[in-house]
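Data block below; observations after.
Every number in this text was worked out from the coordinates using simple rules, so none of it is lab data. Owing to the predicted nature of the structure, the values given are computational and were not obtained by experimental measurement. Cβ: placed from backbone, ideal geometry, glycine included. Neighbour counts: every protein chain shown.
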Amino acid sequence: MVTPKGVCLVQKFRDINFTILGRRTESPLVNPQFFSFEGLDSRGNALNLGETVLLQEEVNPLLTELREKNIIVTALHNHWLFEEPRAMYMHFESVEPPLVFAKKVREAFRVLKA
């Protein structure tokens, strides 16, 4: 999707079975992967932003992969209480050509389990 202001937004959703307060959830708020690309300059660089839900045991492997690819990890936090398994959300960013960013993220996501 491209917004009226020219921001390209890509959404994906992970297939992880979460419960919140003991109830199964299929909410897209729980399993998101979001990516945006904006402000392409004359050198082909854009502001690239991403967010993904992670299982707790995926945090360190993904953090390592992104940092090795010179992608800045800007936040790691939870969104929910009383969820099973533990859901963590990681935000990351770079300024570079969008396809370079997308390829780096795809490679880094190989450490994810689902």
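Observations on the model:
- Phi-based couplings in Hz for the stretch 36-51 (Karplus 6.51, -1.76, 1.60; Gly and Pro marked x): 10, 9, 7, x, 4, 9, 5, 9, x, 8, 10, 7, 10, 10, x, 8
- Label zone at ARG43, where the point sits 7 Å out along the Cα-to-Cβ direction: the stretch 78-110 residues whose backbone N lies under 17 Å: 94-101
- Exposure proxy order (Cβ contacts within 10 Å, fewest to most) of GLU84, GLU65: GLU84, GLU65
- Spin-label model distance (nm) - MET1 vs GLU26, 7 Å beyond Cα toward Cβ: 1.9 nm
- If only the Cβ of Lys and Arg carry +1 and only the Cβ of Asp and Glu carry -1, the dipole of the stretch 48-114 around its Cα centre is close to 220 debye.
- Distance histogram for the stretch 8-111 (every C-alpha pair counted, 10 angstrom bins, percent rounded to whole numbers): 15, 46, 28, 10, 1, 0
- The count of lysine pairs in the chain whose Cα atoms are under 21 Å apart, excluding pairs fewer than 8 places apart on the same chain, comes to 8.
- Here the stretch 74-108 and the stretch 2-45 have alpha carbon centers that stand 10 Å from each other.
- Distance between the pseudo-spin-label points of HIS91 and LYS69 (7 Å out from Cα toward the beta carbon): 2.0 nm.
- Using the Karplus relation 6.51 cos²θ - 1.76 cosθ + 1.60 with θ = phi - 60°, the per-residue 3J(HN,Hα) values for the stretch 16-24 come to 10, 7, 10, 10, 10, 6, x, 10, 4 Hz, with x marking Gly and Pro.
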